[in-house]
Amino acid sequence: MGEIRPPSEAPGAPAAEQREYISDDPRDIGWVKQNVPCQSACPAGTNVPVYIREIIERQYGRSYETNREANVLPGVLGRICSRPCESQCRHGWPGNGEPVAICHLKRVAADLKDAGHRITERLYSPTGKRVAIVGAGPAGVAAAHDLSLLGHDVVILEREELAGGMLRYGIPEFRLPRGTLDVELHNALRLGVQLRTGVEIGTAKGQTPLAALLHDYDAVLLATGCMAASPLPLQGEWEKRDPGKELADVEYGLDFLVQMHRGEKKRVGKRVAVVGAGFTALDCARVAARLGAEEVTIHIRTAEEYIPVTQEEIFEAKREGVRIKGLRTPVGLATDDKGRLTGIEFVQNRLGGWRAGGRRQAIPIEGSEFVEPCDTLIIAIGQQTVNDFLGTKLELDRWGNVRVGENGMTSQAGLFAAGDYVRGASTVVEAVGHGRHTARRIDAWLMHHERRRQVVRIVPVDKPLRERAFDFIPRQHMPTAPLAERMRGVGREVETGMDEQTAFEEAKRCYLCNLRYQIDIDRCIFCRACIEVAPRNCIKLVRGVEIGDDGAYGRLLETKEWNQVGAIWIDNNECIRCGQCYNACPVQCISISRCELTEVEV
């Protein structure tokens, strides 16, 4: 149990007299990580409350820059992010309403910034170190961006004709316009990163050997993603056969999308079945509907509520005529006498317990097999990494992904790996976050020490920044293109973006969880005025506060006995930053400060 005092407050200094300062106190760092759940949930560490507050102030360019400092590609992620932040948003907790539309507001910052907005970034002097990055997907681009800022000479080698990886070749244009992607990629790579497209790494004729890169560069980063589609595990006569190679009407979802985005003309039958439950499966189904399929169905092993995609994606897919059928596992295929696909054989499932990772088990019901008619099957059950192009053996994990150490390095000295190539198929924001993390590890290895460290910037705030009425604003919905227009082809963007007024209303809903309300214990007269006006149980009588192993504050030790009270403490986990306590305090012993994670030079 630790001493009761506001975190990092200078001894004897009244709260109102604090000035902006930087803190590396574990209690301050722990406070931000515990009390800003959206930022902690973001793999890239995006400073969500700050960029939303900047939207309220109509500082769209500044909001865009706050995003770029963390996630590198705000205009892209504002459209296709998987939104792990929103599932953790305090506004979405029981009794608080729906989560703030954090992702849509990220797009607002990108859409509404001035056309002449100038990007500003902190640059290091040249180091003379050369880094080669294999793969121009989100992980590779994010790593290249950071390494170029740190003063290294960076070259990206990409086998496709254009950069972007899965952003360009895996995500349909109706979700991510290519003009937006091109601008964001240019912004990320503009500071001297050399992009070489049409370059393939391998040992075959015309390919560049990995050994040559390791010889010519000080460090090499593999960020090639998961480009091999996972096969469909069937039974019986199909157990050892690959229907994607044998049947003309069976395709793998990843290959289907990549070929289409390379410019190949794709066709589907009248009845399209998609097997899979992720973003790729939904994208394939929505593309099939636009290509003229009369009936498009997604088949999943469990139930719709366990599909790991956003609810809005599911809703829009259904609006476009896609049906979702659950509790079924494919076990075989049906064909006619000419070898053409006529249907899929499924076994019916029932839901079992929970698996690791938060998903439900699907338990097949004996004797429940049935056939679902279709004439096109798209398999989208996941992707796998490919390592046979390396020409050298690396240590792998049990899933076949390259194993890396804490420094991001593989078992080969000087060879690093990042993104889906290490973690398996994941999301764009996870790839960006891991790419940036690995870039810092590469820099530390090249320079023999870490050059940046994480701290908390603490800035005094003069008055409450929210009104209690903001809590009752309903979530603002993203406008979408009319159904008839969007179905004319794959190029019409479905979500059209929020206008300024809609964005302003949505931004006001944010609790601004980075605002820390503190009571100066030395000045508090224990009048309980703050407790009386608090709309929630957020101000508590405590006898102490636990300290965690990492030095951060832990559980509050509450008491109702006045002879045990050590302080009146604001529980920032319950606080909705309405400012009622601040306005009611007769002795002005409550202070407000903005606490945000940042990096400083070591």
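Observations
- Candidates Lys266, Lys245, Lys270 - the one that is closer than 30 Å to Thr342 by Cβ, touching a helix residue (DSSP H, G or I) at 6+ places or on another chain (Cβ under 9 Å) and charged (D, E, K, R): Lys266
- Count of the range 441-486 residues which are touching a residue at least 60 places away in the same chain (Cβ under 8 Å), among the aliphatic types (A, V, I, L, M) and within 30 Å of His152 (Cβ to Cβ): 5
- Here the range 80-114 is the region considered, the condition is being outside any loop (DSSP other than H, G, I, E, B), charged (D, E, K, R) and surrounded by fewer than 24 Cβ atoms within 10 Å (Cβ to Cβ), and the residue that is farthest from the chain's Cα centre (by Cα) is Asp111.
- Filter result (in a loop (DSSP other than H, G, I, E, B) and either hydrophobic (A, V, I, L, M, F, W, C) or touching a strand residue (DSSP E or B) at 6+ places or on another chain (Cβ under 8 Å) (or both)) within the range 423-461: Gly424, Ala425, Arg451
- For first residues located in the range 294-323 and free of Cβ contacts under 8 Å to residues at least 40 places away in the same chain, partners that are among the β-branched types (Val, Ile, Thr) and surrounded by fewer than 18 Cβ atoms within 10 Å (Cβ to Cβ) and lie 6+ apart or on another chain with Cβ distances below 8 Å form the pairs Glu304/Ile314; Ile307/Ile314.
- Any hit, the range 181-188, residues being under 29 Å from Val494 (Cα atoms), of a type in the set (D, E, K, R) and either more than 25 Å from the chain's Cα centre (by Cα) or in the same structural domain as Arg440 (by TED's automatic domain parsing) (or both): yes
- Any hit, the range 565-581, residues being buried (at least 18 other Cβ atoms within 10 Å of the Cβ) and out of contact with any Lys or Arg (no Cβ under 9 Å at 6 or more places or on another chain): yes
- Figure legend. Inter-residue proximity from the range 420-440: first residues assigned by TED's automatic domain parsing to the domain that holds Gly165, second residues among the aromatic types (Phe, Trp, Tyr), beta-carbon distance below 7 Å, spacing 6+ or different chains. Indicated pairs: Gly424/Trp399; Thr438/Phe416.
- In summary, strands (runs of 3 or more DSSP E) completely within the range 217-300 and bearing 1 or more residues that are under 30 Å from Val134 (Cα atoms) and not assigned by TED's automatic domain parsing to the domain that holds Asp443 occur at 250-252.
- Selected residue [at positive phi and either at pLDDT 95 or above or more than 30 Å from the chain's Cα centre (by Cα) (or both)] from Arg528, Arg594: Arg528
- Within the range 379-419, being under 29 Å from Asp249 (Cα atoms) and free of Cβ contacts under 8 Å to residues at least 24 places away in the same chain holds for Asn387, Asp388.
- Which listed residue, of Leu167, Leu181, Leu162, Leu191, is touching a strand residue (DSSP E or B) at 6+ places or on another chain (Cβ under 7 Å) and among the aliphatic types (A, V, I, L, M): Leu162
- Residue in the range 337-359 that is acidic (Asp, Glu), surrounded by 13 or more Cβ atoms within 10 Å (Cβ to Cβ) and within 26 Å of the chain's Cα centre (by Cα) present: no
Table: residues versus (1) surrounded by 14 or more Cβ atoms within 10 Å (Cβ to Cβ); (2) closer than 30 Å to Ile314 by Cβ; (3) in the same structural domain as Met478 (by TED's automatic domain parsing); (4) touching a Pro at 6+ places or on another chain (Cβ under 6 Å).
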{"residue": "Glu500", "(1), (2), (3), (4)": "no, yes, yes, no"}
{"residue": "Leu515", "(1), (2), (3), (4)": "yes, no, no, no"}
{"residue": "Gln518", "(1), (2), (3), (4)": "yes, no, no, yes"}
{"residue": "Ile521", "(1), (2), (3), (4)": "yes, no, no, no"}
{"residue": "Cys530", "(1), (2), (3), (4)": "yes, no, no, no"}
{"residue": "Ile539", "(1), (2), (3), (4)": "yes, no, no, no"}
{"residue": "Val545", "(1), (2), (3), (4)": "yes, no, no, no"}
{"residue": "Asp549", "(1), (2), (3), (4)": "no, no, no, no"}
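- Residue, modelled with the lowest pLDDT, within the range 490-505, restricted to residues that are in contact with a Leu (Cβ under 9 Å, 6 or more places away or on another chain) and in a loop (DSSP other than H, G, I, E, B): Val490
- Only one of the numbered conditions (1) modelled with pLDDT of 95 or more; (2) exposed (fewer than 15 other Cβ atoms within 10 Å of the Cβ); (3) at negative phi is not met by His448, and that is (3).
The values are calculated or read from the model by the stated rules, or taken from the named source; none is laboratory data. Just so it is clear, the structure is predicted and the values come from calculations on it, not from any experiment. All Cβ positions, glycine included, derive from the backbone under ideal geometry; neighbour counts span all protein chains shown.
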